[in-house]
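Worksheet: one structure, shown below.
Bear in mind these aren't lab numbers, they're just calculated from the coordinates by the rules spelled out. As the structure is a computational prediction, the values presented were derived from the model and not from experiment. All Cβ positions, even for glycine, are placed from backbone atoms using ideal geometry, and neighbour counts span all protein chains on display.
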Amino acid sequence: MLDLKHKSILITGGTGSLGKALTKEILSKHPEVRRVIIFSRDEQKQFQMAQDYPERDYPQLRFFIGDVRDEQRLVRAFKGVDYVIHAAAMKHVPIAEYNPDECIKTNVMGAQNVIHACFQTNVQRVVALSTDKACAPINLYGATKLTSDKLFVAANNIKGDSPIVFSVVRYGNVMGSNGSVIPFFLKKRGEGKLPITDPNMTRFNISLQGGVDMVMHALANSWGGEIFVPKIPSYKITDVAKAIAPNCEQVTVGIRPGEKVHEEMITPSDSFYTYDLGKYYTILPATHKWSIDDFKLRFNASLVPNGFAYNSGNNSEWESVDTLRTLIREHVDNTFEI
Ligand SMILES: NC(=O)c1ccc[n+]([C@@H]2O[C@H](COP(=O)([O-])OP(=O)(O)OC[C@H]3O[C@@H](n4cnc5c(N)ncnc54)[C@H](OP(=O)(O)O)[C@@H]3O)[C@@H](O)[C@H]2O)c1
């Protein structure tokens, strides 16, 4: 486990769903952390989050208003910071399609600014959040996150003598997060019909805690340039509909622009660089400053077979209607009943 004693950690997008879960994890499991800094734009979200953490009980927690589009503000915020988790993003596919310039400014230029600010300060380790939509992207959100991933991976090549390490964590839909299918179906089920984009559609499923665990794993174990991918179950959208509203009619409405039938995490082209770490896969960078043999030995890592692909359709692990019901109760709505 990563020792955060006397360390300062900054979370861009710290008021978002992942940022809040990370803050909770760090403050509860690492009470000797020196400082946890929340970096985001909206004062109201920061004000609300601060209510949950009274200063007298959590003197380590600090709030910093700033925009990742503003490099100088990041430099100011990163002074004295040891670790950065970069979670700030625009993440809604249709909004990114409609406002491409804004999405590029936040997701691509924001990533560049975070990297540049790290080089101007003494940050030691950086973990950037990615998404399955960055793998073989077909929408702008995914394309900007792929670009961001590339920037963070390549940052390891231009760091000179600095000990800083950059890595990426890529995962799929967080169960019940805003805009995801489960809250949507829960809201719609009273209408007697549920819209299904495509009856074959599948998605990966990860809990917020699963995402937090991965970020903490990457922060503790990265050697630089890895894209960490979790081994997580998939579900069929039709099973989510059955789990939430077994008596509702399922109406096929057609796939939406920028959507895939199956989400991908690792393509056959990535397989040449992808290693199985047991709990996770990792896509290693094509160039790196450390030895692959040492890496394999340290993490008991084995290269996946040529042509290996990992997507939500070819997964070997699936949520059933019953497990989905239990998960919805545990992670989305504890009053959920059919
Ligand atoms: N949720 C998912 O299902 C999922 C799945 C895979 C990957 N991810 C990735 O995980 C990361 C975190 O996602 P999330 O679900 O926690 O997102 P979220 O709940 O939408 O939170 C986004 C956070 O980023 C901040 N932010 C947005 N634009 C910013 C800017 N220009 N400068 C500074 N802060 C900014 C927001 O606060 P302000 O608006 O106040 O600035 C908020 O704190 C993202 O990178 C996302 O792509 C999410």
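Of the residues making up the range 8-41, those that are within 13 Å of the ligand (Cβ to nearest atom), within 18 Å of T121 (Cβ to Cβ) and not small (G, A, S) are L10, I11, T12, I37, I38, F39.
Considering the range 42-85, and only residues there that are under 26 Å from I115 (Cβ atoms) and of a type in the set (G, A, S), the residue that is surrounded by the most Cβ atoms within 10 Å (Cβ to Cβ) turns out to be A77. Scanning the range 107-133 for residues that are within 15 Å of the ligand (Cβ to nearest atom) and in a strand (DSSP E or B) gives V126, V127, A128, L129, S130, T131.
Scan the range 208-223 residue by residue and report those that are touching a residue at least 40 places away in the same chain (Cβ under 8 Å) and away from the ligand (no atom under 11 Å from the Cβ). Result: Q209, M216, H217, A218, L219, A220, N221, S222, W223. The single residue among F204, F184, F166, F228 that is within 16 Å of the ligand (Cβ to nearest atom) and surrounded by fewer than 16 Cβ atoms within 10 Å (Cβ to Cβ) turns out to be F184.
For the range 141-155, a residue qualifies if it is away from the ligand (no atom under 11 Å from the Cβ), crowded, with 23+ Cβ neighbours inside 10 Å and over 17 Å from T12 (Cβ atoms), and exactly one does: V153.
What residue, among those in the range 90-106 that are part of a helix (DSSP H, G or I) and within 8 Å of the ligand (Cβ to nearest atom), is nearest to the chain's Cα centre (by Cα)? So, considering only residues that are part of a helix (DSSP H, G or I) and within 8 Å of the ligand (Cβ to nearest atom), the one nearest to the chain's Cα centre (by Cα) is T106. Residue selection: K5 satisfies the criterion of being charged (D, E, K, R), more than 8 Å from the ligand (Cβ to nearest atom) and in contact (Cβ under 8 Å) with a residue 24 or more places away in the chain.
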